[in-house]
């Protein structure tokens, strides 16, 4: 991939959200993220596993004997806050940022495919600009 896709906060959110559904190993977490990005992105092991380590150090997840990661009680409390309205707003902006970075990466990686989306991206950009000006 051309650039690091997704900020640490976005990857952190995606990992914790994936584990809300139940324990997963690293490959299953990558597949979950790939699924919600509609096949557009999967974190590299070089970004996923360090973040899993950070989340373990923060006691938000633990690694089970079978190699799967699961939320700790503290992690479940954090993930439980994702459902609040304020958090939903912040997560929506984080997701927008995630998709913008995906489109930037697509533009660099596959300009022809990006050009197919260019007009729609332009219209969405104009709508977002109007939101900021109101």
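Here is how the numbers come out for the structure above:
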| item | result |
| --- | --- |
| Any hit, the stretch 100-108, residues being surrounded by fewer than 14 Cβ atoms within 10 Å (Cβ to Cβ) and modelled with pLDDT of 90 or more | yes |
| Whichever residue in the stretch 74-86 is surrounded by fewer than 14 Cβ atoms within 10 Å (Cβ to Cβ) and in a helix (DSSP H, G or I) and, among such residues, is modelled with the highest pLDDT | 74 |
| Subset tally (residues that are under 17 Å from residue 61 (Cβ atoms) and out of contact with any strand residue (DSSP E or B) (no Cβ under 9 Å at 6 or more places or on another chain)) for the stretch 31-42 | 1 |
| The listed residue being over 12 Å from the mean Cα position of the chain (by Cα), surrounded by 12 or more Cβ atoms within 10 Å (Cβ to Cβ), at pLDDT 95 or above and under 14 Å from residue 10 (Cα atoms), out of 55, 60, 71 | 55 |
| Filter pass, residue 129 being out of contact with any strand residue (DSSP E or B) (no Cβ under 8 Å at 6 or more places or on another chain) and in contact (Cβ under 8 Å) with a residue 12 or more places away in the chain | no |
| Those residues of the stretch 19-52 which are surrounded by 14 or more Cβ atoms within 10 Å (Cβ to Cβ), touching a residue at least 40 places away in the same chain (Cβ under 8 Å) and within 23 Å of residue 109 (Cβ to Cβ), in sequence order | 29, 37, 40, 41, 47, 51 |
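The values are calculated or read from the model by the stated rules, or taken from the named source; none is laboratory data. Bear in mind the structure is a predicted one, so any value in this text is a computation, not a measurement. Heads up, the Cβs are rebuilt from the backbone with ideal geometry, glycines too, and the neighbour counts pull from every protein chain shown.
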